[in-house]
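The values are calculated or read from the model by the stated rules, or taken from the named source; none is laboratory data. These figures come from a predicted structure and were not determined experimentally. Cβ sites come from the backbone with ideal geometry, for glycine too, and all protein chains shown count toward neighbours. Heavy atoms of the whole protein, side chains included, go into the accessibility calculation; ligands, DNA and RNA do not. Shrake-Rupley method; radii C 1.70, N 1.55, O 1.52, S 1.80 Å.
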Amino acid sequence: MALSILNNIPSLAAQNQLSITGSSLQKTLFRLSSGSRINSGADDAAGLAIADGLHANVTALTQSSRNATDGIGKLQVADGALAQVTNLLNRAVTLATESSTGTVSDSQRKALNAEFAQIKSEIDRIGSKTTYNGQQIFGSGSSSDSNKWVGATGGLTSASAVADDEAMTITDTDTGKSVTFTAAGNDMQDLMDYFNSGAGSTDVNVNVSLDTTGHLQVEDKSGNGSIVVTTNVAAAGAVARATISGGTDVYLSDGTTAGGGAITTTISALAANSIGTGAGKVDLSSNDLLSASNAQAALTKITSAISNVAGDRGTLGAVMNRLQSASNVINNQVQNLSAAEDGIRAADIAQEVANMTKFNILNQTGISALAQANQMQQGVLSLLR
């Protein structure tokens with residue numbers, strides 16, 4: 001090999017190798033200090049994309065589990081309130097049975113009826129004052145369903161030109177009364193006025209308005225859930241029932257771009273005049289125990305009310321069990337997805353410690369080799385003596 005002083009090739013090689021060793025040592029120290037194998041996209045671009053996707057799934061699923069737990073909490077509050085209503089109704093059975101017998105005087109029946117009135121008032125109070133997270137659980141007032149019928153996107157809106165042949169019919173299934181509004185060139189305001197304050201308001205107790213998106217909505221003001229709305233507007237599903245209060249929608253993400261779905265249950269409004277829902281709903285508001293016959297009639301209704309409450313509690317219990325099962329499944333998904341993410345992202349500490357030892361030694365030997373390479377060309381000076 002020729003003796004040259006223009007370039008120190010061994011020194012350059014030692015410098016390059018020392019730079020590589022230093023970079024590897026730095027990466028190892030990053031991994032040891034962070035516990036993560038991937039600290040930048042350069043470490044593992046594909047692995048980072050997969051790990052970040054898995055982490056997003058875990059985040060969504062973790063919150064979904066919390067949502068399910070919150071939903072169970074709300075339903076437990078409702079169930080506890082209904083349990084107390086059952087106790088009150090059982091006491092009402094005792095009072096009604098006592099008042100039904102001929103050995104009780106009218107003055108004694110007044111005392112029994114006074115307690116019965118207090119029981120009904122307490123049922124009203126439970127229905128209106130039971131809350132969860134500041135929200136009334138059993139809907140508003142004495143309403144049993146608090147249903148609204150809302151126009152779907154593409155249906156009736158404030159800007160709709162109502163054609164002469166279009167009509168809307170509102171039927172109250174409790175009273176059997178039905179009112180039809182025929183457009184006849186009128187606009188949406190005419191339709192709302194007709195049902196809110198005009199001729200239609202005398203037969204059906206509703207409030208017709210526009211929602212925040214400008215679509216028609218019809219609210220059952222009686223709260224009996226008995227209002228049915230039909231329309232011949234040329235838009236499929238232009239009017240559809242939508243529960244707006246007294247319901248619980250627990251959103252559960254599936255942790256993917258597909259989104260997720262909600263487990264829904266409707267908690268009936270609760271009051272002395274509305275125990276249960278639908279055709280089996282019981283109204284105790286007008287009942288009294290002031291005579292034997294009245295007490296016997298009340299007893300029949302009270303027994304039905306107890307059955308309705310038991311049915312409602314069974315429904316709530318079924319949903320609670322479903323939410324708990326969903327939470328268990330989600331927690332299992334979180335565990336498995338976290339393990340998968342950990343396998344991609346986490347550093348192998350034992351391997352990194354071994355690498356650190358290796359690179360520390362290589363760094364020291366590289367420095368020594370560089371020093372030796374720098375000394376090599378000094379031998380040229382001996383030829384000039």
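Just one of the numbered conditions (1) part of a loop (DSSP other than H, G, I, E, B); (2) touching a Leu at 6+ places or on another chain (Cβ under 7 Å) is not true of Ala14: (1). Screening the candidates Asn363, Asn328, Asn374 for the property of being within 48 Å of the chain's Cα centre (by Cα) and either closer than 30 Å to Thr59 by Cα or open to solvent by less than 90 Å² (accessible area, probe 1.4 Å) (or both) yields one hit, Asn328.
Return yes when Ser285 is outside any helix (DSSP H, G or I) and not hydrophobic (A, V, I, L, M, F, W, C) and no when it is not.
Criteria met by Ser285.
With respect to the conditions (1) surrounded by 12 or more Cβ atoms within 10 Å (Cβ to Cβ); (2) part of a helix (DSSP H, G or I); (3) touching a residue at least 40 places away in the same chain (Cβ under 8 Å), Val380 falls short on a single one, namely (1).
For the residues Ser64, Ser33, Ser4, the requirement of being within 30 Å of Gly343 (Cβ to Cβ) and either within 27 Å of the chain's Cα centre (by Cα) or in a loop (DSSP other than H, G, I, E, B) (or both) singles out Ser64. Candidates Leu370, Leu323, Leu362: the one that is over 30 Å from Ser24 (Cα atoms) and assigned to a helix (DSSP H, G or I) is Leu323. For the range 128-148, does any single residue satisfy the condition of being open to solvent by less than 30 Å² (accessible area, probe 1.4 Å), at pLDDT below 55, of a type outside the set (D, E, K, R) and not in a loop (DSSP other than H, G, I, E, B)? Yes: the range 128-148 contains one or more residues that are open to solvent by less than 30 Å² (accessible area, probe 1.4 Å), at pLDDT below 55, of a type outside the set (D, E, K, R) and not in a loop (DSSP other than H, G, I, E, B). Residue-level analysis places Asp164 among those that are in contact with a Gly (Cβ under 7 Å, 6 or more places away or on another chain), in a loop (DSSP other than H, G, I, E, B) and modelled with pLDDT under 75. Every listed requirement among (1) at pLDDT below 80; (2) crowded, with 19+ Cβ neighbours inside 10 Å; (3) β-branched (Val, Ile, Thr) is met by Ile275 save one, (1). Residue pairs whose Cβ atoms lie under 8 Å apart, sitting 6 or more positions apart in sequence or on different chains, and linking a residue in the range 18-34 that is over 10 Å from Asn363 (Cβ atoms) and among the hydroxyl-bearing types (Ser, Thr, Tyr) to a partner that is open to solvent by less than 40 Å² (accessible area, probe 1.4 Å) and part of a helix (DSSP H, G or I), are Thr28/Glu352; Thr28/Asn355; Thr28/Phe359.
In the range 80-96, of all residues being over 17 Å from Asn273 (Cα atoms) and without any contact (Cβ under 8 Å) to a residue 40 or more places away in the chain, the one that is least open to solvent (accessible area, probe 1.4 Å) corresponds to Gly80.
Comparison of Leu18, Leu12, Leu54, Leu48 shows that the only residue that is surrounded by 15 or more Cβ atoms within 10 Å (Cβ to Cβ), more than 30 Å from Gly317 (Cα to Cα) and over 39 Å from the mean Cα position of the chain (by Cα) is Leu18. Identify all residues within the range 97-127 that are among the hydroxyl-bearing types (Ser, Thr, Tyr), outside any helix (DSSP H, G or I) and open to solvent by 60 Å² or more (accessible area, probe 1.4 Å); write none if there are none. Of everything in the range 97-127, just one residue is among the hydroxyl-bearing types (Ser, Thr, Tyr), outside any helix (DSSP H, G or I) and open to solvent by 60 Å² or more (accessible area, probe 1.4 Å), namely Thr103.
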